[in-house]
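Just below is one structure, and these are the notes that go with it.
The values are calculated or read from the model by the stated rules, or taken from the named source; none is laboratory data. Remember, predicted model here, so these are calculated numbers, not experimental data. Virtual Cβ from ideal backbone geometry, glycine too; neighbours counted across all protein chains shown. Surface accessibility is based on the protein's heavy atoms, side chains included, excluding ligands, DNA and RNA. Shrake-Rupley method; radii C 1.70, N 1.55, O 1.52, S 1.80 Å.
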Amino acid sequence: MIELPRAFKEEMKALLGEEYPAYLSTYERPVRQGFRLNSRKLTKEKWESIDPFGGERVPWTENGYYIENEWGKEKGISPSRHPYYYAGLYYIQEPSAMTPASRLPIEPGERVLDLCAAPGGKATELGSRLSGKGFLVANDISSSRAKALLKNLEMTGLTNYYVTSEDPEKLREKFPGFFHKILIDAPCSGEGMFHKEPQMAGYWEEKPPAYYSEIQKNLILQGADMLRPGGMLLYSTCTFSKEENEEVIAFLLKARPDMETIQPLPYKDFVSGFSLEGESEEINRQLQKCIRLFPHKISGEGHFAALLRKKGEEKQETPAKEKSAVLPVEVQDFLKMVSMDFSRGFFKTEGERIFFLPEGGKLPRLRYLRTGLYLGDVKKKRFEPSQAFAMALSPDTFDSCINLSAEDMRTVKYLKGETIEVGDLLSARDKGWQLVCVDGFALGFGKLNQGILKNKYYAGWRLM
């Protein structure tokens, strides 16, 4: 068992009482990993008809599954290297960490903010549930982490998102009362992940809960101020400390009286939030609506979540119509092969780059890594479609596809960037651009000529 800080163990004894030994025993069991299906690309029923893993469902999350530790060793396949991973069919995520995004009720057409979004496990779920309507702003203050976030959003096949790398205070200045839904998965001391990532226990004494509590209080105030009347905010951490959880919620409720807690979707083994000594009966009543995930209660790590609503009635709005850029003829010709719905948004050009932005999505000047769906580049009188565009397509939305099976060795060769022979799989056109798919799900583009597919898979994503 890992060496836990003494002060942390005392904190947990006080928090759990007679349940402390049961909690401590969880450090002796194997860590359980999981993956969450991309509902933008397939249903649970479709997945279970092609599932190569056979993992059981995560019971508190509709589209979550466990990865059995023995599975990879027995079958010699890692879920992070399977072609279905490269097709964006699932996101590998710790099972408890699936909870926050699943408890924030997203409706298509809403404006959604993930304030601390990298590396994208929660943002990809929020974006998928928008179903191509409205838009997601996914922010991370670290530009390097935001780049990883962007890749995961692209792999998911989303079309209606922005990736920013800004200080949350600047976002508050630009977006007062703007978003319908906000997720704040706050930086924290990580007590709930000591089992999964033992090195985090070594950082705890250097940066204990008190260090993070002030950061979290600022974040939750900033989030509340960006929320529309009637909108909802979900605050979460992967830690146990009351100082980072209930005390932060109590701070918000007192600082912003127009905020109130809501009972999120229950699960039988979730634990209600704890009361705080010295707080009013009303505050403690609201804290009871928070949820905690303890590893001795569930098959997962530790988490905390609180769902809050801003009082008031939401005003209905009609999204502003933006004027589309006139597309170069090369782009227009390529789009004749595409049956994607471009009615809810507008085209924008930036030099040789072409973008499709979501309806109502002309946002203020900020540090963006991505604005909408990056379609590709016009170079020397030809259009080169992007990897992000490929991931947003399917055999139903592109008129010529090369469909490989997951077991076909050419699939791995394609993902490694190699040229492949596909004469036995010729599509509707015998040359030109092809959408390369695995079992009907997009992987990327290739260019066909006389049965040879020139590989256009993005070099930065290749299977190594």
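A few comments on the model shown:
- When a 1.4 Å probe is rolled over the protein heavy atoms, the share of accessible surface on the chain that falls to carbon and sulfur comes to 48 percent.
- Relative contact order %, the chain, counting alpha carbon pairs below 8 Å whose residues are six or more apart: 13
- The angle between the Cα long axis of helix 209-225 and the main principal axis of the chain comes to about 60°, on a 0 to 90 degree scale.
- Each Lys or Arg adds one and each Asp or Glu subtracts one; over the other residues with Cβ under 10 Å from the Cβ of MET464, this totals +3.
- Between GLN33 and ILE67, the built amide H atoms are under 5 Å apart, and every one of these is 5 or more places off in sequence or on another chain.
- In the calculated pair-distance distribution of the range 1-113, the portion above 20 angstrom amounts to 56 percent of the Cα-Cα pairs.
- Placed amide H near CYS290: partners under 5 Å, 5+ positions off or other chain: GLY273
- Ordering of 297-308, 19-30 by burial proxy (mean other Cβ atoms within 10 Å per residue, highest first): 297-308, 19-30
- Cβ-based charge dipole, the chain, positive-most Cα from GLY192, LEU89, GLY134: GLY134
- Unit charges at the beta carbon, dipole of the chain: most positive-side option, SER405, LEU4, THR419: THR419
- Given charges at beta-carbon only (K, R positive; D, E negative), |dipole| of the range 1-126 in Debye: 380
- Degrees separating the helix 143-156 axis from the principal Cα axis of the chain, which is the longest one: 60
- Under Karplus coefficients 6.51, -1.76 and 1.60, residue-wise ³J(HN,Hα) of the range 409-414 in Hz, glycine/proline x: 4, 5, 5, 5, 4, 4
- Farthest towards the positive end of the charge dipole of the range 316-463, among the residues GLN434, ALA325, ALA388, is the Cα of ALA325, using unit charges on the Cβ of Lys, Arg, Asp and Glu.
- Residue-normalised accessible area of the chain, expressed per residue, 1.4 Å probe, Å²: 43
- Amide H within-cut-off set for TYR161, under 5 Å, with H built and near neighbours excluded: LEU136, GLY372, LEU373
- Highest-first arrangement of 120-127, 164-171, 452-459, where packing means the average Cβ count within 10 Å: 120-127, 164-171, 452-459
- Degrees separating the helix 6-16 axis from the principal Cα axis of the chain, which is the longest one: 80
- The range 318-385, Rg to Rh (Cα coordinates; Rh as Kirkwood inverse mean 1/r): 0.97
- Note, ³J(HN,Hα) from phi for the range 228-234, Karplus 6.51, -1.76, 1.60, rounded to Hz, x at Gly and Pro: 6, x, x, x, 10, 10, 10
- Formal net charge of residues neighbouring PRO266 (Cβ-Cβ distance under 11 Å; K, R +1; D, E -1): +2
- Charging the Cβ of each Asp and Glu at -1 and of each Lys and Arg at +1, and nothing else, the dipole of the chain about its Cα centre rounds to 1740 debye.
- Among residues other than LYS416 with Cβ under 12 Å from its Cβ, the summed charge is +3 (Lys and Arg +1, Asp and Glu -1).
- Protein-only accessible surface order, largest first, of GLU407, GLU68, GLU282 at 1.4 Å: GLU407, GLU282, GLU68
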